[in-house]
Amino acid sequence: MRNIFFLTPIFVLMCLLYTGFQPMQAQERPYETVTLNGQRYFKYKVQTGEGLYAISRLFAVPIAEIIRHNPDASSGLKNGQELLIPVNDENSWRVFTPDSTQPVTVELRDQNFAFQHTVSKGETLYSISNMYHTSVDDIIRLNPGAGEGIGVGQILTIPQRRVISEEKEENYRYHTILPKETLYSVARAYSLKPEDVILANPGLSAETFQIGKIIRIPFFESYEVVPPFEFQTKNITHSVQKGETLYSIARNYQVEVAEIERLNPKVTAGLKANMDLVIPVKRSLLERDSRSRENEANRLLMKNMPTNRVDVMRVGLLLPFLDETGKGHLRLQEYYEGFLLAVDELKNSGVNLELFVFEIGQGDDTRKLRSLLETIEMRSLNLVIGGVNDAQIRLLSDFSRSNNIKYVVPFSQSNGEVLNNGNMFQVNPLISVTNTKASAAFVQSFRNANIIFATGGQNDKKEFITELQRLLRENGVRYESIPLSETTNSTILPFLKPGKENVILPTSADSHTLRQLISELKEVRETDSLSVIRLFGYPEWQTFTDQIADYHLFGTYIYTTFFVDKTNPHTATFIRNFNKWYGRNPMDTHPSYSMWGYDTALYFLTALYRFGTRFEQDINRVRISTLQFPFHFERMNNWGGLLNEGLYFIHYDTNGRIYQTDKSL
């Protein structure tokens with residue numbers, strides 16, 4: 001088997017390992033228990049200086065699970081704060097093995113057939129199935145309730161990947177980090193080296209090596225069964241000395257007497273001096289140099305890779321410029337024109353840059369792109385930006401992975417490549433991530449308001465509304481729902497609360513629903529002029545320019561992943577330069593493609609210039625004034641690429657001003 005190393009966690013965890021730390025069983029914990037809604041909890045008071053990481057280690061419960069049951073803990077812990085820690089007495093899973101048609105019981109630590117995934121913000125069953133190369137149906141089969149919906153912090157049982165690698169695809173399996181495990185111990189379990197595991201998990205660090213997190217294990221034999229390192233043994237021969245007993249021998253080697261008896265049936269007749277016994281000794285006890293290797297692996301976790309700056313940046317822009325489907329070529333032309341303005345700006349500031357622009361063919365016909373990717377010029381690039389459809393993105397993703405070249409996907413929201421390619425950056429945020437982030441920002445901003453949902457319309461915001469209402473309930477924030485109709489003006493009056501902001505949210509973003517709601521709310525104002533009414537809405541509302549005056553009338557807020565402040569001098573300068581270069585103003589689209597190209601080029605070329613070809617380590621240290629997009633990149637797992645999670649709240653205040661607040665963090 002190939003040697004791969006594994007990394008250890010932080011120093012604290014290493015100390016726990018060597019002081020014999022064992023997670024206490026439920027009946028051994030000296031904490032009061034309480035049962036709420038059928039779930040049993042430990043009641044625990046936070047000690048001075050104690051954080052979520054230490055408490056998660058103490059109880060062997062993932063941080064996300066603690067936060068799910070204690071939402072206030074997400075903003076930090078206070079001395080004496082009481083937490084409810086979920087009690088999990090289960091030490092086994094019900095899973096399907098390759099040879100069974102009915103679920104069988106396996107030990108919790110046996111991850112050869114299944115592992116556990118803790119749901120993160122923005123994740124769906126579909127995205128999780130893509131991440132682990134399984135199917136939604138198989139996940140639901142192991143988690144019957146998941147078909148009704150999943151929430152942040154929920155733990156799912158995922159079938160282990162058991163596929164022999166296909167062409168251009170590496171063999172690997174997944175591993176959920178368990179209590180007491182270190183990166184070194186996991187590495188030894190799989191006969192790996194820490195350096196190789198870091199390569200397989202580019203997002204791995206001391207912060208991300210936590211109980212409940214997943215790491216990807218490079219592996220040759222998908223069907224090979226591997227026990228955890230602490231249970232792996234090696235048989236040695238022990239010569240019985242005079243006066244020794246089975247009990248003393250077992251205690252010396254830290255094994256069970258029954259194990260010695262099982263491997264040595266002859267001991268039933270009694271021990272004799274000089275008798276040779278086979279002893280199954282734990283590998284960890286035989287490897288005397290493990291402490292120094294633990295420390296070495298810890299250092300690897302704690303440090304970033306050295307920067308690798310380039311004298312001349314070579315960047316490729318690959319788009320289907322001639323594809324006229326839906327007049328897409330006009331939008332891509334404007335994207336390119338805005339891109340060039342950013343390139344010119346950087347060159348004028350002293351950046352040495354070579355830009356290679358390629359037309360890559362139309363639709364799903366990838367012959368031209370395949371031919372292009374075989375050239376020496378393409379392999380010499382430091383950064384590739386482009387691809388529009390899934391077929392193009394898949395090819396470019398394979399190319400970037402094979403040649404270790406950073407790859408930016410500018411438009412697509414739905415491709416799954418970013419979940420499994422550590423070199424990839426997705427500019428356009430996932431809708432599910434935006435829904436989760438916007439919901440959290442709403443609760444933070446309006447938890448003390450009177451919240452009313454106006455139901456009706458096309459129901460096109462069902463996912464956002466479902467997530468928002470779930471989060472409101474979790475945080476104990478009350479809300480009401482009323483149907484949107486011609487009598488809404490009278491229906492809503494009893495629900496308004498004087499002295500509070502009354503925030504009204506339609507469950508649809510279509511223009512007809514918005515106009516109907518505004519009309520009804522104007523009548524409400526005539527009847528009740530004292531109640532403060534606020535509208536909260538959606539990115540699409542930016543396109544309804546004839547409603548701007550009404551937005552200001554109700555002090556409206558919208559959440560959005562893009563926004564252009566036309567009063568910003570930077571915006572005015574861009575439009576002036578665009579007109580000077582191309583003899584026309586940019587097209588009036590939402591979002592603006594010219595500014596899309598400008599923002600993307602300026603951000604990623606600045607990152608490459610400042611931090612070199614490993615700029616992903618410092619991506620959120622890039623500080624530039626974008627025209628349209630908030631950029632904040634995060635990995636959704638330890639081995640995948642980075643997704644933009646940028647988000648704005650736009651406030652049209654009642655004095656005619658517009659405020660733009662970055663809610664990305």
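The values are calculated or read from the model by the stated rules, or taken from the named source; none is laboratory data. If you're wondering where the values come from, they're calculated on a predicted model, not measured in any experiment. Methodologically, a virtual Cβ is constructed for each residue, glycine included, from the backbone with ideal geometry; neighbour enumeration extends over all protein chains shown.
Those helices (runs of 4 or more DSSP H) of the stretch 427-514 in which at least 2 residues are of a type in the set (F, W, Y) and in contact with a strand residue (DSSP E or B) (Cβ under 9 Å, 6 or more places away or on another chain), considering only elements entirely within it, cover 431-446. Each residue in the stretch 492-506 was checked for being buried (at least 17 other Cβ atoms within 10 Å of the Cβ) and either out of contact with any Lys or Arg (no Cβ under 6 Å at 6 or more places or on another chain) or on the phi > 0 side of the Ramachandran plot (or both), and 6 pass. Of the numbered criteria (1) out of contact with any helix residue (DSSP H, G or I) (no Cβ under 8 Å at 6 or more places or on another chain); (2) among the polar types (S, T, N, Q); (3) more than 29 Å from M313 (Cβ to Cβ), the one T654 fails is (1). Applying the condition of being among the hydroxyl-bearing types (S, T, Y), at pLDDT 80 or above and assigned to a loop (DSSP other than H, G, I, E, B) to the stretch 205-249 and asking which residue is surrounded by the most Cβ atoms within 10 Å (Cβ to Cβ) yields S205. Assessment of the stretch 547-557 against the conditions (without any contact (Cβ under 8 Å) to a residue 12 or more places away in the chain, surrounded by fewer than 17 Cβ atoms within 10 Å (Cβ to Cβ) and not assigned by TED's automatic domain parsing to the domain that holds F442) yields no matching residue. Scanning the stretch 469-491 for residues that are modelled with pLDDT under 90 and either assigned by TED's automatic domain parsing to the domain that holds N70 or surrounded by 17 or more Cβ atoms within 10 Å (Cβ to Cβ) (or both) yields a count of 2.
Go through the stretch 265-380 and tell me which helices (runs of 4 or more DSSP H), entirely inside it, have 2 or more residues that are among the polar types (S, T, N, Q) and within 32 Å of the chain's Cα centre (by Cα). Give the steps one after another, and end with the answer.
On the way: elements: 283-286, 290-302, 328-348, 367-373, 376-379.
Result: 290-302.
Name the residue that is nearest to the chain's Cα centre (by Cα), counting only residues in the stretch 447-464 that are hydrophobic (A, V, I, L, M, F, W, C) and farther than 14 Å from I482 by Cα. So the residue we want is F464. Regarding the stretch 611-623, can at least one residue be identified that is crowded, with 16+ Cβ neighbours inside 10 Å, assigned by TED's automatic domain parsing to the domain that holds W596, closer than 14 Å to L430 by Cβ and not small (G, A, S)? No, the stretch 611-623 has no match at all.
Here the stretch 114-171 is the region considered, the condition is being surrounded by fewer than 18 Cβ atoms within 10 Å (Cβ to Cβ) and in contact with a Lys or Arg (Cβ under 7 Å, 6 or more places away or on another chain), and the residue that is modelled with the lowest pLDDT is R161.
Inside the stretch 638-658, residues that are part of a loop (DSSP other than H, G, I, E, B) and within 13 Å of the chain's Cα centre (by Cα) make up a count of 5.
Please work out if T661 is outside the structural domain of E417 (by TED's automatic domain parsing) and either among the aromatic types (F, W, Y) or part of a strand (DSSP E or B) (or both). Yes: the conditions hold for T661. Please specify each residue of the stretch 600-617 satisfying the condition of being touching a residue at least 40 places away in the same chain (Cβ under 8 Å) and part of a helix (DSSP H, G or I). Selection gives T600, A601, L602, F604, L605, T606, L608, Y609, F611, F615, E616, Q617.
When we screen A297, A342 for residues that are buried (at least 19 other Cβ atoms within 10 Å of the Cβ) and not assigned by TED's automatic domain parsing to the domain that holds N420, the only hit is A297. Residues in the stretch 624-665 that are under 24 Å from K121 (Cβ atoms) and either surrounded by fewer than 18 Cβ atoms within 10 Å (Cβ to Cβ) or not aromatic (F, W, Y) (or both): 25 in all.
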